[in-house]
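Below is one structure; the comments refer to it alone.
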Amino acid sequence: MVSVEEAERIILANTKHYGTELIAFESATGRVLAEDIKADRDLPPCNRATMDGIAISYAAFEKGIRTFQIKATIAAGDPPVEMENENECAEIMTGAPVPSTTDTVIRYEDVEIKNRTALITIDTIKKGQSTHLKGKDKQAGDIVAVANQFITPALISMAASVGKNTLLVKKLPKVVIVSTGDELVGVGTQPTAYQVRLSNNYTIKSVLQQYQLNADMVHIPDDPETTKDHLYKCIEKYDVILLTGGISMGKFDYVPKALEALNVTKLFHKVQQRPGKPFWFGTHNDNVLVFAFPGNPVSTFMCLHRYFIPWLITSLKSPSLPGDSRGGAYAILNDAITFTAPLKYFVQVKLKINEQGHLLATPDEGNGSSDFANLLDTDAFMELPLEQSNFRKGEVHRIWPYKQII
């Protein structure tokens, strides 16, 4: 049995790079950018109005001129119209180009317009007000988005603005989710009192979809030769195998022996933790990785968030993916809790932010690792140190969120 820290170290030592691919930018949300994006022109590309109003020369205002003759009306997308006299102005709309012979925009609320004449009704203005200068945001050739970041709607907006209709992104591994057990029946099946519907595989698939990773699913009945045959086919076809169930000490837990027979190198089996103690991890020829999670739903859910998602993020080398702290999130324990087993305890918690901006975690232990219903009412796992048994209110510990709380 290994510690949580040793399990983490072994898994992260086996990160992989799966190459890159070019995809349409409108389909790239949720992927990881594999290139720097540069501005193809100044942003903004010209001086632009940020208010609807009139464009004047500030020098004219300084001379005491308050009444201006409207020479033109300029809308967004129109070419600018230049002023010939200092007492001329242009009506200008938000986003329209500011003529080079003007430098200041007065909003409509501060002018009176009558018979093509605009009267400024305020005494004080600021030179350059309501004007967004050319190149103020970025200049042509500047990097506007660096590689190795999660592609968000804001990044899509930037890509569109600089004409990047295709983006180079990190390829995702080919993943298969393998469930095991004769007690499992289909979701649309009416189970007997001794059967349960398949759920772990769909849970894993749903979590992975948050990372734009669409995994295949396979179910294996409790038979040693069938288990070996199916796993052999998965090793031939996929980069990562995520198993759920069949790895404990039961008479029908055939997965460890099947993996051994298929020359999958066991890097560890059993972790000093609750839930998820029977967790198994190994590799086949340094290419295919096998994450074999215990079959209890909460165990599967915890191991997925604590081990596989950080592995995926590290492999993609992205500093920020949605719904994951990569171990960098911490919360304040909001109630005392006692746990005496010689295991690191991942307790389910409800999260909230108090009026002081502190993230509070209230334990909600549920009824064990088979109580998947409790996951609906909680937000994260709090990782409680192995060295302690009594945890006091106010202590700060690491959390692994599986819900957004704001």
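Here, each number is a calculation from the coordinates, and none is a lab measurement. All values reported here derive from a predicted model rather than from experimental measurement. Cβ sites come from the backbone with ideal geometry, for glycine too, and all protein chains shown count toward neighbours.
For LYS403, the lysines whose Cα falls under 21 Å of its own Cα, not counting residues fewer than eight places away in the same chain, are LYS205, LYS350, LYS352. Rounded to the nearest 0.05, the FRET efficiency derived from the C-beta distance between GLU109 and THR29 at R0 = 60 Å is 0.95.
Normalised by 2.2 N^0.38 Å, where N counts its residues, the alpha-carbon radius of gyration of the range 189-344 equals 1.11. Among DSSP bridges having both ends in the range 48-132, what percentage is antiparallel? Round to the nearest 5. Close to 75 percent.
Restricting the calculation to alpha carbons of the chain gives Rg and Dmax of 30.3, 95 angstrom. Across the range 48-132, Cα-Cα pairs more than 18 Å apart make up 29 percent of the total. Counting Lys +1, Arg +1, Asp -1, Glu -1, what net charge surrounds GLY141 among other residues with beta carbon under 13 Å of its beta carbon? Neighbour charge sum, excluding GLY141 itself: -1. Placing pseudo-labels 7 Å out from each Cα toward the beta carbon at TYR330 and ALA76 gives an inter-label distance of 4.5 nm. In whole angstrom, the range 1-67 maps to an equivalent ellipsoid with semi-axes of 57, 19, 11, each derived as √(5λ) from the alpha carbon gyration tensor and ordered largest first.
The largest-to-smallest principal axis extents of the Cα set in the range 330-401 are 34, 29, 17 Å.
Relative to the longest principal axis of the Cα atoms of the chain, helix 200-209 runs at roughly 20 degrees. The ranking of PHE308, PHE68 by Cβ neighbour count inside 10 Å, starting from the fewest, reads PHE308, PHE68. Taking the longest Cα principal axis of the chain as reference, the axis of helix 224-237 is set at about 30 degrees. When ARG306, ARG392 are sorted by how many other C-beta atoms sit within 10 angstrom of their C-beta, beginning with the fewest, the order is ARG392, ARG306. Between ILE122 and THR15, the simple spin-label model (points 7 angstrom out along Cα→Cβ) gives 5.1 nm. Taking every alpha-carbon pair under 8 Å whose residues sit at least 6 apart, the range 330-401 reaches a relative contact order of 46 percent.
Using the Cβ-Cβ distance between ASP52 and SER157 with R0 set to 22 Å, the FRET efficiency from 1/(1 + (r/R0)^6) comes to roughly 0.45. Footprinting exposure proxy ranking of THR166, THR244, fewest other C-beta atoms within 10 angstrom first, gives THR166, THR244. Pairs of Cα atoms nearer than 8 Å and 6+ residues apart set the relative contact order; for the range 32-121 it is 36 percent. Each semi-axis of the equivalent ellipsoid for the range 264-406 is √(5λ) with λ an eigenvalue of the Cα gyration tensor; in descending order they amount to 26, 18, 13 Å.
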